[in-house]
Amino acid sequence: MVLNCSDSDAKGNEIYALIKELFPICRSITGNGVRQTLEIIGKHIPLDIQEVPSGTKVFDWTVPKEWNIRDAWVKDSHGRKVIDFQKSNLHVINYSIPFQGRISMAELKSHLFCLPDHPDWIPYKTTYYEETWGFCLSHNQFLSLSDGEYQVFIDSTLTDGHLTYGECFIPGKTKDEILISTHVCHPSLANDNLSGVSTAAFLAKHISNQELRYSYRFLFIPGTIGAITWLCRNRDSVAWIKHGLVLTGVGDRGRITYKKSRRGNAEIDRAASQVLRQSADNYSIEDFSPYGYDERQYCSPGFNLPVGRFSRTSYARYPEYHTSADNLDFVSTRSLGETFERLNSIFRVLEGDQTYINLVPYCEPQLGKRGLYNQISPNQMAMLWVLNYSDGRHSLLDIAEGSTISFQSIREAADLLHQAGLLKEVSPGTK
Ligand code: ZN
């Protein structure tokens, strides 16, 4: 199976263009913002859209009421809009209940949130499970408010409706699956997580015309409640998931961070480590912890799926995180292109990993008479490693790890030896 490397800068530009298109939409864990987002993604890849009614029990949780918002503002006593949802959807606390009224500055203050340490940034806040309302604004904007009466208007609805998610399934030769999950619930924030959403869409598009060993399932779901809902509705089929990744925050200029699955040494953990080690980039690999994004659900003890998380700067470790500074300038086409390339390489390792048996195991086979001996070929060393360790118990990934030769070279050496009749494939699962 071949996954062609594409020009990563061009890919970065395409991914960025989709981020830009999706950026203005006000998304949440439910509502029309998610639907509109999925509709746009659906122009790139086939997307199966699911609607789960409010009130549905999903494990220990309940699908919430659906939230939609059209407008919101605060006007001062002169009728001037001092906070305006139309200027930034971060201004309204996500899931704010409808409200209309005249209130004093003192009362208004108890509904306002800002970041004194970053006086020009608007924070991003949510109130999914508490029925209240509020506004977020920059600290400088807050300081400019004078005492007096204010008129508040939030034109939102919080009613029985649905939780919406999208699923793109790409069948491969086997039913064994690679799961890619990304959250689609944040409003105008670029890195968290339009970078993950857009990268996942382009990965799906890229592999959809390839010959694949694995089937791939891409989930575009609201964070936490979406993953819980999906797992609850698919608990009988999760055994097909052999490898998985949560994609989030993959467009900033920081180094790539891979967070291991709870298993710690799953093939996905090893494949990601192998790719990052060979990339010569600065990167970081973290152990699993029960905090972060939807890996928390996939790796909850009842499931314990082999799902890691692929990000750039790690979860919440950048000041722009969950603020208006996570904007279109915060993500770079170069980082997005590089992320795409690394993820593609991880897929290549998973697709190409295989276990063989050396059919000429008594002393080394004579490579020269088979046209395989070339002292200066970089493949020579890889061939010796593959021949020696192809005993039915070591996969090519095991051999790459043991030899420190790149997986790609090991894979190429195995292809040459296989073509020469020196290796026999062990069918997957009999290792
Ligand atoms: Zn977030």
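The values are calculated or read from the model by the stated rules, or taken from the named source; none is laboratory data. As the structure is a prediction and not an experimental result, all values here were calculated from the model. When we count neighbours, we look across all protein chains shown, and the Cβ atoms used for this are built from the backbone with ideal geometry, even at glycine.
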Pairs under 6 Å by beta carbon, first residue farther than 16 Å from K125 by Cβ and assigned by TED's automatic domain parsing to the domain that holds C168 in region 184-195, partner part of a helix (DSSP H, G or I) and more than 9 Å from the ligand (Cβ to nearest atom), six or more apart or different chains?
-> V184/V34; V184/T37; V184/V197; A190/I19; L194/I19; L194/L22
Answer yes if at least one residue in region 325-335 is buried (at least 23 other Cβ atoms within 10 Å of the Cβ), in contact with a helix residue (DSSP H, G or I) (Cβ under 6 Å, 6 or more places away or on another chain), under 30 Å from H139 (Cα atoms) and of a type outside the set (A, V, I, L, M, F, W, C), and no otherwise.
-> yes
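Each row is one residue, and each column tells you yes or no for (1) small (G, A, S); (2) on the phi > 0 side of the Ramachandran plot; (3) not assigned by TED's automatic domain parsing to the domain that holds E211.
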{"residue": "E14", "(1), (2), (3)": "no, no, no"}
{"residue": "I19", "(1), (2), (3)": "no, no, no"}
{"residue": "C26", "(1), (2), (3)": "no, no, no"}
{"residue": "G31", "(1), (2), (3)": "yes, yes, no"}
{"residue": "E39", "(1), (2), (3)": "no, no, no"}
{"residue": "P46", "(1), (2), (3)": "no, no, no"}
{"residue": "E51", "(1), (2), (3)": "no, no, no"}
{"residue": "F59", "(1), (2), (3)": "no, yes, no"}
In region 180-206, what count of residues is obtained for those that are surrounded by fewer than 24 Cβ atoms within 10 Å (Cβ to Cβ), closer than 18 Å to T30 by Cα and away from the ligand (no atom under 12 Å from the Cβ)?
-> 1
Looking for whichever is in the same structural domain as G31 (by TED's automatic domain parsing), farther than 24 Å from L305 by Cβ and either touching a residue at least 40 places away in the same chain (Cβ under 8 Å) or away from the ligand (no atom under 16 Å from the Cβ) (or both) here; the options are E177, E211, E167, E149. Which one fits?
-> E211
Within 21 Å of C185 (Cα to Cα) and not assigned by TED's automatic domain parsing to the domain that holds N94 - does that describe any residue in region 276-288?
-> no
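How about region 1-112: which helices (runs of 4 or more DSSP H) wholly inside it have at least 3 residues that are among the polar types (S, T, N, Q)?
Details: elements: 8-22, 32-41, 105-109.
Fully inside region 1-112 and qualifying: 32-41.
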Residues that are over 14 Å from the mean Cα position of the chain (by Cα) and β-branched (V, I, T): find the helices (runs of 4 or more DSSP H) completely inside region 225-335 holding 2 or more of those.
-> 225-233, 267-279
